[in-house]
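Here's the structure, in structure tokens; my notes come after.
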Amino acid sequence: MAVKITDICISCGACIDECPVGAIVDDSDNPTGADAYYVYADKCVECVGHHSSPACMEVCPTEGCIVLGA
Ligand code: SF4
Ligand code: SF4
């Protein structure tokens, strides 16, 4: 299981430094070519942040952008 960043990502960059395992890459490194940040599912450990949700989800300002269970 991993989280997934969807195409409503505004590339604000808030999530990338929150990831403890370096699973997130920015839009310029997105392997799909989409204009959005990207999570490598094989690296994501679905970590828990300060509020019992994945750390990247907690800081993402775009509601519904990062989803669970990809
Ligand atoms: S859930 Fe945690 S480990 Fe997975 S991408 Fe988000 S911050 Fe990184
Ligand atoms: S915090 Fe959300 S909107 Fe900002 S880059 Fe990450 S996924 Fe995209």
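The values are calculated or read from the model by the stated rules, or taken from the named source; none is laboratory data. None of these values were measured; they are calculated from a predicted model. Please note: Cβ atoms are built from the backbone with ideal geometry, for glycine as well, and neighbour counts cover all protein chains shown.
Here is how the numbers come out for the structure above:
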quantity: Residue that is nearest to ligand 1 (Cβ to nearest atom) [pool: residues in the stretch 53-70 that are hydrophobic (A, V, I, L, M, F, W, C), in a loop (DSSP other than H, G, I, E, B) and closer than 14 Å to Gly13 by Cβ]; calculated: Cys60
quantity: Selection within the stretch 5-18 - part of a loop (DSSP other than H, G, I, E, B) and either acidic (Asp, Glu) or out of contact with any Cys (no Cβ under 7 Å at 6 or more places or on another chain) (or both); calculated: Asp7, Ile10, Ser11, Cys12, Gly13
quantity: Filter pass, Ala2 being more than 9 Å from ligand 1 (Cβ to nearest atom), among the small types (Gly, Ala, Ser) and either within 14 Å of Leu68 (Cα to Cα) or crowded, with 16+ Cβ neighbours inside 10 Å (or both); calculated: no
quantity: Inter-residue pairs, beta-carbon under 8 Å, first part of a loop (DSSP other than H, G, I, E, B) and in the stretch 19-38, second loosely packed, with under 10 Cβ neighbours inside 10 Å and not basic (Lys, Arg), 6+ apart; calculated: Ala34/Asp7; Asp35/Asp7; Ala36/Asp7
quantity: Qualifying residue in the stretch 30-38 (condition: farther than 13 Å from Thr6 by Cα and touching a His at 6+ places or on another chain (Cβ under 7 Å)); calculated: no
quantity: Pick from the stretch 28-47, criterion within 13 Å of ligand 1 (Cβ to nearest atom) and not aromatic (Phe, Trp, Tyr), ranking: surrounded by the fewest Cβ atoms within 10 Å (Cβ to Cβ); calculated: Asp42
quantity: Residue under evaluation His50, criteria (1) within 13 Å of ligand 1 (Cβ to nearest atom); (2) exposed (fewer than 12 other Cβ atoms within 10 Å of the Cβ); (3) modelled with pLDDT of 95 or more, criterion not met; calculated: (3)
